[in-house]
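A short write-up of the structure that comes next.
The values are calculated or read from the model by the stated rules, or taken from the named source; none is laboratory data. What you see is a predicted model; the values in this text were computed from it and never measured. Glycine also receives a Cβ, built like all others from the backbone with ideal geometry; neighbour counts cover every protein chain displayed.
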Amino acid sequence: MIRRRWSVSQLTDRPDHDLVGVIKIPEGGRGPVRSIVTRVIGASIALAVTVVIVYLDREGYRDVDENGLTLLDSIYYATVSLSTTGYGDITPISPTARLTNILVITPLRVLFLIVLVGTTLEVLTERSRQAFKIQKWRANVRDHVVVIGYGTKGRSSVSALLGDGVDPGNIVVVDTDHESLEAATQQKLVTVHGSGTRSDVLRIAGVPQAKAVVVATNRDDTAVLVTLTARELAPTAQIVASVREAENVHLLRQSGADSVVVSSETAGRLLGMATTTPSIVEMFEDLLTPDAGLAIAERDVEPNEIGGSPRHISDIVLGVVRGGQLYRVDAAEADAIEAGDRLLYVKKVTPPEGE
């Protein structure tokens, strides 16, 4: 038992640099061509600085003929020195030969160093860069959304969040499957490798500071344990859980879930409706797709709407949210709009230009 407690807390005890591979921060998207161009510019700057230093101190240098250095000699000396080629055994004497070394041979040497040394440095600096990003992210992460499980349900929930305008940097995905995490990384999401049932994994995912937690695991028993753990870490966060069987809904609610979605029942009802009224299913799909067409949204009431009936508003109002409680539009409590209410309504979504 003592051994298990130690293993559960070990992630939170690790320093940030030791979490590389557990937490992954998406890269900025710099392409390989840009990376090579940046390295070439850096090498050129280093070469120019070396040339200036050698030329300013040219009286301290001599060539094999005991002559002083010209500007061309300084450039040649800098190029052979930075390229680690050395000098002395075979030395170009004529200006033409030295110019050839500068314009042809040295670029080839630099290109070789870029491919050989640059790639090695990229591997060595990647861990340090990720460690710095992890440290910065953990210090600043607040009011984000943690999605636990990145299967079909998790990916759909993330798509809905992105469609509603949530920044990808404010979404953290927790999963144990490397392919799923890689898919999340392609969406520019922060990922955490580990089981959502472990409190230390949820801690490094920032659950205590999260605004909302989406539990999208494949098993109901796992969803219950994840919800219990998340609620313990984040007493005020909005926890939304998915469950396969309706008989387990009460377990999720007792575990601390604010909302529970029954995936199998919802899919079954849509399948049954599609056999007789497929147009209704199409409308549901339209409402659930935030990219275009119609979508269900929530907004604050306008000052000129206070006191009026939601049925007389130009928007199609489905319900009134008052004090965290939803009242359908046909409920007596929703007859008159009050200050501080929010309206649940159907809005028209226009897709971005070019799509």
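Brief remarks on what is shown
- Matching entry among Thr266, Thr275 (being farther than 21 Å from Ser159 by Cβ and loosely packed, with under 14 Cβ neighbours inside 10 Å): Thr275
- Out of Thr222, Thr236, Thr197, one residue alone is buried (at least 18 other Cβ atoms within 10 Å of the Cβ), out of contact with any strand residue (DSSP E or B) (no Cβ under 6 Å at 6 or more places or on another chain) and β-branched (Val, Ile, Thr). It is Thr197.
- The criterion of at least 2 residues that are crowded, with 18+ Cβ neighbours inside 10 Å and at pLDDT 75 or above is met, among helices (runs of 4 or more DSSP H) falling completely within the range 90-184, by 119-140, 152-163.
- Considering residues of the range 267-296 that are under 30 Å from the mean Cα position of the chain (by Cα) and without any contact (Cβ under 8 Å) to a residue 12 or more places away in the chain only, the residue farthest from Gly151 (Cα to Cα): Asp286
- Of all the listed residues (Ala339, Ala334), the sole one being buried (at least 17 other Cβ atoms within 10 Å of the Cβ) and either more than 23 Å from Asp286 (Cα to Cα) or without any contact (Cβ under 8 Å) to a residue 12 or more places away in the chain (or both) is Ala334.
- Of residues in the range 219-245 being of a type outside the set (A, V, I, L, M, F, W, C) and touching a Gly at 6+ places or on another chain (Cβ under 6 Å), the one nearest to Val262 (Cα to Cα): Thr227
- Being farther than 30 Å from Gly196 by Cα, touching a strand residue (DSSP E or B) at 6+ places or on another chain (Cβ under 7 Å) and exposed (fewer than 15 other Cβ atoms within 10 Å of the Cβ) is not true of Glu282.
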